[in-house]
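Worksheet for the structure shown next.
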Amino acid sequence: MSNAASTTEPGQRPDWLAHGVLALGVLLFVLPIWVVLMGATHDAATIGRGEVPLLPGGEGPANFAALFAGGRVGRMLGNSLLMALAVAFGKIAISILSAYAVVFFRFPGRTLAFWAIFLTLMLPVEVRIFPTFKVVSDLGLVNTHAGLIIPLIASATATLLFRQFFLTIPDEYVEAAKMDGAGPLRFFCDIVLPLSRTNIAALFVILFVYGWNQYLWPLLVATGEEVETLVIGMVKMIGSEANTEWNQVMAACVLALLPPVAVVLLMQRWFVKGLTETEK
Amino acid sequence: MERKTVFPQRLLPYLLLAPQLLITAVFFFWPAAQAVWFSFLRQDAFGIRTSFVGLENFTELLADPTYHEALRNTAVFATAVSLLSLGLGLLFAVLADRRIRGAGLYRTLLIWPYAVAPAVAAVLWIFLFHPQVGLIGRWLNGVGLGWDYKLNGGQAMLVVILAAAWKQVAYNMIFFLAGLQSIPPSVLEAAAIDGARPWQRFWTITFPLLSPTTFFLIVVNLVYACFDTFGVIDALTKGGPAKATETLIYRAYVDGRVNLDLGMSSAQSVVLMVVVILLTMVQFRYVERRVHY
């Protein structure tokens, strides 16, 4: 990460300017979160009066306890986790298998299969939302976890990333495996899968965030509380504004943003690599 | 590009492909085909009879002044979101790429909004701009500016733009940082030795060399603003007030979900599909060129 050209020569603007602008940027990104974090530790009346607190209050534990009372928010949290993990692992599993088929075998219809997968890049779920919902409803999957998850796990981007990577695996590896009498499944488990570890980690971050943050699709499919996700439930809590318990909304908001942010920050290295490589 | 050595099995590859192809067929191609088919149909008011009406849904849609308004809203929204988030993303990337103390820390602190759901970003901005409980909203009212994005269409548009752009800056910054790091330092050193000032160096060397990244990001940002911002609009304004923030995707949702007009909603889906296909083709033409470059 060194850019040697930009430090010492004359005409360089001073660092404090860069620090100033960057600090302002950080403030811009942190302020909304800070407001919500602090709000989640005050009682409803304080926020309802419009005294947006910028310092922590003492109601944090009480707010979260109230939020989890009744079990609805706990279930939403579970549903969101299930959805994010299932979408991430489901997408990774089916795309690594199909990429393996397309790269390591020759068979009639191979190009057709590749293009069929490639074309799905052009059909994001938001665009074909009602026809897809109709299919899910015809299959009786409305308000089920399967209906929530399965339509989201076919992914062209993940398949393309694995394909790109598989093409770089040296031919000698395959030859050696064949000579040792290892079949394609053995080669996949012993060689390809371990080599793909970084790619899988990178995809995991991106897909976890993607699954967790879904909005339009769960809004349609999760018609009852059993499969409702946290993001949807949190927005629903705002409902009719007059009697919104803003401190509860703020606490739910904190819960809805912590897990994906934690995943991105903890796996930052893989995430940045994965993002810049999948999308290009 | 092809591999030279492959496995000889005949059946196995089909088995490996089956899960993905099955899901793709059932949840992608079948609904997409249905959208096209439904867009030629119209149901009567009671939903009992369905008749084939040819292109009537499309002609009616394109003649509808409220659809024109949704188009205009989408254009304003997408342009503003893209410009704002690309501009800030580039600014922060250029600054965080310099060898200043704490560059890595700044990067970490600037990256995380990527992970925030659009709907969650919208709720965060409610707490800033809500006229009664929002930090900035209350202040604006306090100084007598008459702030209420729930009544004023222009203010509503401004808030959804800010919330949607806020979430996208991190993404753009990550790509600009990657782009900046692929510029060879020697080029910039040479220019510095020739006496080019930093500002000059940026516009004559760095910015042109970043153009593939910039171009890619313009397409991605337009797609984001057009299709992924449903949550921002739904959580903040629900398309209101008086349809002032109703974009194409929100309009398709309202027609399908609230008005239960499958024909009109499908016609809009088809229009949106054409838009995505065009944008994707533009993007891939560029990727092709990049591969040869």
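Numbers below:
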{"item": "Options A:156, A:146; residue that is buried (at least 18 other Cβ atoms within 10 Å of the Cβ) and assigned by TED's automatic domain parsing to the domain that holds residue A:82", "result": "A:156"}
{"item": "Segment A:132-158 - residue that is at the interface with chain B (Cβ under 7 Å from one of its Cβ atoms) and either farther than 22 Å from residue A:229 by Cβ or under 24 Å from the mean Cα position of the chain (by Cα) (or both) and, of those, modelled with the lowest pLDDT", "result": "A:154"}
{"item": "Residue that is under 21 Å from residue A:234 (Cα atoms), not basic (Lys, Arg) and not in a helix (DSSP H, G or I), where the choices are A:52, A:73", "result": "A:52"}
{"item": "Residue list for segment B:192-212, restricted to those being among the small types (Gly, Ala, Ser), farther than 24 Å from residue A:273 by Cβ and more than 8 Å from chain A (Cβ to nearest Cβ)", "result": "B:195, B:196"}
{"item": "Test result for residue B:66, β-branched (Val, Ile, Thr) and free of Cβ contacts under 8 Å to residues at least 60 places away in the same chain", "result": "no"}
{"item": "Candidates A:187, A:208, A:165 - the one that is more than 10 Å from every other protein chain (Cβ to nearest Cβ) and of a type in the set (Phe, Trp, Tyr)", "result": "A:165"}
{"item": "Residue within segment A:231-244 that is at pLDDT 85 or above and either touching a Lys or Arg at 6+ places or on another chain (Cβ under 6 Å) or not in a helix (DSSP H, G or I) (or both) present", "result": "no"}
{"item": "Any hit, segment B:11-34, residues being touching a residue at least 24 places away in the same chain (Cβ under 8 Å), surrounded by 15 or more Cβ atoms within 10 Å (Cβ to Cβ) and more than 7 Å from chain A (Cβ to nearest Cβ)", "result": "no"}
{"item": "Some residue of segment B:242-259 being at the interface with another protein chain (Cβ under 10 Å from one of its Cβ atoms) and surrounded by fewer than 18 Cβ atoms within 10 Å (Cβ to Cβ)", "result": "yes"}
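To keep it simple, each residue is scored yes or no on (1) away from every other protein chain (no Cβ under 13 Å); (2) closer than 22 Å to residue A:270 by Cα; (3) surrounded by fewer than 21 Cβ atoms within 10 Å (Cβ to Cβ).
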| position | (1), (2), (3) |
| --- | --- |
| B:37 | no, no, yes |
| B:57 | yes, no, no |
| B:68 | yes, no, yes |
| B:84 | no, no, yes |
| B:92 | no, yes, no |
| B:100 | no, no, yes |
| B:103 | no, yes, yes |
| B:121 | no, no, no |
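The values are calculated or read from the model by the stated rules, or taken from the named source; none is laboratory data. Since the structure is predicted, the reported quantities are computational estimates derived from the model, not experimental observations. Because the Cβ atoms are built from the backbone with ideal geometry, glycine has one as well, and the counts that use them run over all protein chains shown.
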